[in-house]
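Student: Sending over a structure as structure tokens; questions will come in a sec.
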Amino acid sequence: MFKKQAGTYSILLIYIVLVVLYHLFGYTGHYGFDDLHYAELAADLLQGSINFEDHYTYRFPVILLTALFYVIFGISDFASSLPALVITISILIIVFKLLKGHGPKVLIIGLSMCTFSNWFIFYSDKLMPDIYVALAVIWALAVIHRYKYKSDRRHTLWHAFLLALSLLFGFMSKGTIVLVLPLIFYLVIIDIILKRDLKFWAYSLLNGLILMSLY
């Protein structure tokens with residue numbers, strides 16, 4: 001049993017190492033104006049300067065996490081790339097948790113499709129919000145999957161809160177999170193037709209409205 005688990009986790013480790021190796025040997029620096037501007041906003045935040053007239057300032061996950069790594073490691077390309085790498089590895093961990101019970105073949109295919117997607121690997125070390133949005137999407141889908149197929153349905157409100165929080169995290173990172181809403185609406189409509197999990201979706205909507213109002 002231990003050897004089987006060790007082998008399964010070693011698959012995840014291989015993909016994490018591949019992402020790190022890509023950064024070490026394929027990092028091309030900043031991509032353009034946007035990521036330079038995020039770096040500037042994070043550095044300004046450390047100096048106590050916040051420009052609330054700049055709409056980029058409201059992308060709190062990107063700015064705050066970048067500023068945190070600047071505090072720890074100093075302002076550098078290395079510190080700028082670390083938040084995206086942490087987010088990327090977090091996505092791989094979620095994919096791993098979703099697929100590990102389906103056998104090594106499915107796990108390898110799923111992690112490969114995620115890791116070797118051109119835009120995923122490109123943004124894996126860039127100071128841009130796109131990888132944050134990707135985390136929000138996989139986080140939301142993981143919450144829905146866990147509630148429907150893994151939970152005992154006694155924690156409906158908690159799962160609904162996590163779903164709303166994941167979508168808010170994505171929205172605060174970049175508005176393109178709205179592109180996942182048709183999929184969410186589809187799942188809601190199917191459940192309404194089949195008259196299942198209605199409390200979960202109602203709580204999710206309520207939590208979403210409360211969190212968005214606070215934001």
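Listed here are the residues, each with its yes/no results for (1) in contact with a helix residue (DSSP H, G or I) (Cβ under 7 Å, 6 or more places away or on another chain); (2) modelled with pLDDT of 95 or more; (3) open to solvent by less than 40 Å² (accessible area, probe 1.4 Å).
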| position | (1), (2), (3) |
| --- | --- |
| ALA84 | yes, yes, yes |
| THR88 | yes, yes, yes |
| ILE91 | yes, yes, yes |
| VAL95 | yes, yes, yes |
| GLY101 | no, no, no |
| PRO104 | yes, no, no |
| ILE109 | no, yes, no |
| SER112 | no, yes, yes |
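Student: Scan (1) modelled with pLDDT under 95; (2) over 30 Å from LEU41 (Cα atoms); (3) crowded, with 18+ Cβ neighbours inside 10 Å for the single condition ARG153 breaks and write down its number.
Tutor: (3)
Student: Condition first: within 30 Å of HIS23 (Cβ to Cβ) and open to solvent by 60 Å² or more (accessible area, probe 1.4 Å). Can you find one or more residues in the stretch 191-206 that meet it?
Tutor: Initially, the stretch 191-206 is screened for residues within 30 Å of HIS23 (Cβ to Cβ), giving none.
No - not one qualifying residue is present in the stretch 191-206.
Student: Within the stretch 114-134, restricting attention to residues that are aliphatic (A, V, I, L, M) and open to solvent by 20 Å² or more (accessible area, probe 1.4 Å), which residue is farthest from ASP77 (Cα to Cα)?
Tutor: Per the stated criteria, the residue is ALA134.
Student: State which residue is nearest to TYR123 (Cα to Cα) when the search covers only the stretch 29-81 and only residues that are among the aromatic types (Phe, Trp, Tyr) and either outside any helix (DSSP H, G or I) or open to solvent by less than 20 Å² (accessible area, probe 1.4 Å) (or both).
Tutor: Restricting to residues being among the aromatic types (Phe, Trp, Tyr) and either outside any helix (DSSP H, G or I) or open to solvent by less than 20 Å² (accessible area, probe 1.4 Å) (or both), the top hit is TYR31.
The values are calculated or read from the model by the stated rules, or taken from the named source; none is laboratory data. Nothing here was measured: the structure is a model prediction, and the numbers come from that model. Every residue, glycine as well, gets a Cβ built from its backbone with ideal geometry; the counts of neighbours run over all protein chains shown. For the accessible areas, the whole protein counts, side chains as well, though only heavy atoms, and no ligand, DNA or RNA atoms are used. Shrake-Rupley method; radii C 1.70, N 1.55, O 1.52, S 1.80 Å.
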